[in-house]
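S.K.: Encoded as structure tokens, here's the structure I'll be asking about.
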2 protein chains.
Amino acid sequence: MTPDSSALVIGFDADDTLWHNESIFEKTHERYRALLAQYHDAATVDRTLYATELRNLELYGYGVKGFTLSAIETAIQLTDGKIGAEEIQHLILLGRDMLAHPVELLEGVEETLAALASRHRLLLITKGDLRDQERKLAKSHLAAHFRHVEIVSEKNELSYAEILRRHGIAARRFLMVGNSLKSDILPVLALGGAGAHVPYHLTWAAERVEGVPQAAGRFFQLENLRGLPAVVAALANPNFS
Amino acid sequence: MTPDSSALVIGFDADDTLWHNESIFEKTHERYRALLAQYHDAATVDRTLYATELRNLELYGYGVKGFTLSAIETAIQLTDGKIGAEEIQHLILLGRDMLAHPVELLEGVEETLAALASRHRLLLITKGDLRDQERKLAKSHLAAHFRHVEIVSEKNELSYAEILRRHGIAARRFLMVGNSLKSDILPVLALGGAGAHVPYHLTWAAERVEGVPQAAGRFFQLENLRGLPAVVAALANPNFS
């Protein structure tokens, strides 16, 4: 281990990077479309729900509770108020199911974190509902690998800069790992850090961006977390600084 | 200023300590009772809503979004599903009004924080919805007074101990100020710190506790934040350690 390598701090996104999340939302969307199928086609339902979510994002923030409220609001709108209380109660239960859903780790997560934690300071940096994210971390049994856990309301240059400052981490010694180019990779590259993008097979529309980041030697594309130790080794090369 | 005094770190609760909060919930409760008045008396509405909130607390955590979901669920239950979609939309708007509500500071807050911040490290320690608490802090224009802002999902001995550890604060040099004996005062006294209780005229049932804390020289009762500098001066007395 070179000093360069040991000085590298690695941040991890949680949802869809360490464990499945968007797939749970997708299952809920399917049930939601079925509930409203007698009123509208699936595309209209999806489009209207997404518009409501975006409109409410500033006020509600990310997470299941805000999603559930947006789903109820959209259902009332799409049925011109004809939706029954029983169906709305069903939506509340769909939300509750999501919150109570088991945490299913993604491929290679457990062994990769265990291997890296012995040599590097690992941070968990996630956005969303405070209690929900804490609960998922507890259920994941991964908490012991992380030196710090940061649950933030938004992941952008400002929030990453604040986290790095607070923990005394130089951006050029920081690698962020996550499935979202927009939230996990681009802001960290902009600050001068490195990013390892591990795409999930589903991406929420609000997280989609066009193009591939241009940051030679600082941007890496991985299929799953098993490729991460090689990236860490590459960054330990003295050419990276 | 004695060294003892400058070494004192002061933590502040936010809702109902720095700004009005429970009064906003109380206004919403009034509108909620009116909405359901044709089905049930006010006491039944209050009791059932509170039971739903407590049942959902573990899953939803604190905050307006969880409250709104519990209010919808309770309304469906109390009307045997007869409540209309329009009334449910009204409940969603009530929740939104709470989130968008202006922040109104309590008496003496601004000048007391300004005076203390020049001599002491001030922390804001609050529980609830991440985005909502951040928004209220921004609206309050008080953020600059606080060295650290901690938004936690629960305020108990464990979470206070973790905050003190993270910031390298000895409990005996820590004073917590807040309106809730249960969340702000008792856990800090148990850790060996000091507590200044500043009651708000309304207390949510889930925050109520019986009796007065027994911790001579470490527990203080204030009418408003204007009394705080005197408490800080008393704690700076070398007898406190």
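Laboratory data are not the source of any read-out in this text; all were calculated from the coordinates shown. The shown structure was predicted, so the numbers you read here are calculated from the model rather than taken from an experiment. So basically every Cβ, Gly included, is an ideal-geometry build from the backbone, and we count neighbours across all protein chains shown.
S.K.: If you put +1 on each Lys and Arg Cβ and -1 on each Asp and Glu Cβ, how big is the dipole of chain B around its Cα centre, in Debye rounded to 20?
M.R.: Result for chain B is approximately 800 debye, rounded to the nearest 20.
S.K.: Checking the a/c ratio against 1.5 first, then a/b against b/c, what shape does the Cα gyration tensor give for the stretch A:37-141?
M.R.: prolate
S.K.: Let me confirm one metric for peptide B:131-139, namely the mean number of other chain beta-carbon atoms within 10 Å of its residues' beta-carbons.
M.R.: Counting Cβ atoms of other protein chains within 10 Å of each residue's Cβ and averaging gives 3.
S.K.: Report, for B:Ala34, each distance to the same residue's label point in the other copies, shortest first and in nm; define the point 7 Å along Cα→Cβ.
M.R.: 4.1
S.K.: Something else now. At R0 = 22 Å, how high is the FRET efficiency between B:Arg31 and A:Ala51 if r is their beta carbon distance? Nearest 0.05 is fine.
M.R.: The formula returns an efficiency of 0.20 here.
S.K.: Calculate, for A:Thr44 and B:Glu86, the FRET efficiency according to 1/(1 + (r/R0)^6) with r their C-beta to C-beta distance and R0 30 Å; round to the nearest 0.05.
M.R.: 0.90
S.K.: A follow-up question, please. Can you tell me which of B:165-178, A:174-187 comes out highest on packing, and rank the rest after it, using the mean Cβ neighbours within 10 Å?
M.R.: A:174-187, B:165-178
S.K.: Given label points at 7 Å from Cα along Cα→Cβ, what nm distances, shortest first, separate B:Ala205 from the same residue in every other copy?
M.R.: Those label-point separations list as 4.2 nm.
S.K.: Answer rounded, prolate or oblate for the protein assembly as shown, using the Cα gyration tensor with square roots of eigenvalues a ≥ b ≥ c: rounded when a/c is under 1.5, else prolate when a/b is larger than b/c, else oblate.
M.R.: The shape class here is oblate.
S.K.: Quick check: pseudo-label points 7 Å beyond the Cα along Cα→Cβ at B:Ala114 and A:Arg208, how many nm apart are they?
M.R.: Each label point lies 7 Å from its Cα, and together they span 5.0 nm.
S.K.: Which ³J(HN,Hα) values, rounded to whole Hz and listed in residue order, are derived for the stretch A:208-223 from phi using the Karplus coefficients 6.51, -1.76 and 1.60 in 6.51 cos²θ - 1.76 cosθ + 1.60 with θ = phi - 60°, glycine and proline given as x?
M.R.: After applying 6.51 cos²θ - 1.76 cosθ + 1.60, I find 7, 9, 8, x, 10, x, 9, 7, 4, x, 10, 10, 10, 10, 10, 7 Hz.
S.K.: Please list, by residue number, every one of the GluC sites (Glu not before Pro) in the stretch A:155-241 that is coil in DSSP and has at most 13 other beta-carbon atoms within 10 Å.
M.R.: In loop regions of the stretch A:155-241 (DSSP not H, G, I, E or B), the sparsely surrounded GluC sites (Glu not before Pro) are A:Glu210, A:Glu223.
S.K.: Between B:Asn224 and B:Ala138, what's the calculated FRET efficiency when r is the beta-carbon distance and R0 is 30 Å? Round to 0.05.
M.R.: E between B:Asn224 and B:Ala138, to the nearest 0.05, is 0.80.
S.K.: Rounded, prolate or oblate: which fits the stretch B:23-99, taking a ≥ b ≥ c as square roots of the Cα gyration tensor eigenvalues, rounded meaning a/c under 1.5, else prolate when a/b beats b/c? Working shown, then result.
M.R.: Numbers: a/c = 1.38, a/b = 1.22, b/c = 1.13.
Rounded shape, in that the Cα axes give a/c under 1.5.
S.K.: Moving on. Let's see if you can work this out: charge +1 on each Lys and Arg Cβ, -1 on each Asp and Glu Cβ, no other charges. What is the dipole magnitude of the stretch A:23-99 about its Cα centre, in debye to the nearest 20?
M.R.: 100 debye
S.K.: Same structure, new question: Summing -39500 (n - 2.57) over the DSSP H runs of n ≥ 4 in the protein assembly as shown and dividing by its residue number, what mean residue ellipticity at 222 nm do you reach, to the nearest 500 deg cm²/dmol?
M.R.: It lands at -14000 deg cm²/dmol.
S.K.: I've got another one for you. Report the label-to-label distance for A:Ala233 and B:Leu93 in nanometres (one decimal), using points 7 Å from each Cα along the Cα→Cβ vector.
M.R.: Each label point is offset 7 Å from its Cα along the Cβ direction, giving 6.2 nm.
S.K.: Over chain A, what relative contact order in percent results from Cα pairs under 8 Å that are six or more residues apart? Before the final figure, lay out each step's value.
M.R.: Values: 336 pairs, mean separation 61.9, N = 241.
After rounding, I find 26 percent.
S.K.: How far is B:Leu105 from the same spot in each other copy, in nm, shortest first, if each label point sits 7 Å from Cα toward Cβ?
M.R.: Label point to label point, same position, other copies: 4.9 nm.
S.K.: Another question, if that's okay. Per residue of B:54-66, count partner chain C-beta atoms within 10 Å of its C-beta, then hand back the mean as an integer. Please list the in-between numbers first.
M.R.: Details: counts 0, 0, 3, 1, 3, 9, 9, 9, 2, 5, 4, 11, 4.
Taking all residues of B:54-66 together, the mean is 5.
S.K.: Find the relative contact order for the stretch A:35-138 and round it to a whole percent, using C-alpha pairs within less than 8 Å whose residues are 6+ positions apart. Working shown, then result.
M.R.: Values: 53 pairs, mean separation 29.8, N = 104.
Across the stretch A:35-138, relative contact order equals 29 percent.
S.K.: Can you flag which of A:Lys136/B:Lys139; A:Lys82/B:Lys27; A:Lys65/B:Lys136; A:Lys65/A:Lys127 are past 24 Å Cα-Cα?
M.R.: A:Lys136/B:Lys139; A:Lys82/B:Lys27
S.K.: I would also like to ask the following. Given an 8 Å cut-off on Cα distances and at least 6 residues of separation, report the relative contact order of the stretch A:143-241 as a percent. Before the final figure, lay out each step's value.
M.R.: Working: 117 pairs, mean separation 21.1, N = 99.
Relative contact order of the stretch A:143-241: 21 percent.
S.K.: Rank B:Gln38, B:Gln133, B:Gln77 by mean-square fluctuation in a GNM of chain B with C-alpha springs under 10 angstrom and give only the top-ranked residue.
M.R.: Of B:Gln38, B:Gln133, B:Gln77, the Gaussian network model singles out B:Gln38 as fluctuating most.
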